[in-house]
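Below: the structure, in C-alpha cells.
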Amino acid sequence: MSTPQDFKFYCSHCDQPLKCDPRYGGRQIQCPSCQHLIRIPNPPPGSGFTHIEPESGRTWDTHLPKGNQS
C-alpha cells in the first residue's frame, strides 16, 4: 500500500519501478524483479529526511540467500 510519504525510484539493474518509505533510504535490498542487491537512494528534498549514510556490512538483515532452508 502506498502512503503519501513514499518516494519512487528505479532498480539500477533492470529499471523496475520501486517505492518505499523515506526512512529506508541508504539500505540495501534485493530487487523483487531481478533479484540484484541494490541500494535505496536518499529520499528527495522536502520529504522530512536528510542525507542518509549507507548501512555498510548489514546485507545479512536485508538480503536472504535463496536455497535449501531447513
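The values are calculated or read from the model by the stated rules, or taken from the named source; none is laboratory data. The structure presented is a predicted model; accordingly, all values stated were derived computationally and were not measured. Positions of Cβ are backbone-derived with ideal geometry, glycine not excepted, and every protein chain shown enters the neighbour counts. For accessibility, only protein heavy atoms count, side chains too; no ligands or nucleic acids. Shrake-Rupley method; radii C 1.70, N 1.55, O 1.52, S 1.80 Å.
Scan segment 28-48 for residues that are over 15 Å from Lys8 (Cβ atoms) and either modelled with pLDDT of 90 or more or hydrophobic (A, V, I, L, M, F, W, C) (or both) and the total you get is 7.
Which one is modelled with the lowest pLDDT, of the residues in segment 1-25 that are part of a loop (DSSP other than H, G, I, E, B) and open to solvent by 100 Å² or more (accessible area, probe 1.4 Å)?
The residue in question is Met1.
Among the residues of segment 20-30, those identified as within 8 Å of the chain's Cα centre (by Cα) and not aromatic (Phe, Trp, Tyr) are Cys20, Gly25, Gly26, Arg27, Gln28, Ile29, Gln30.
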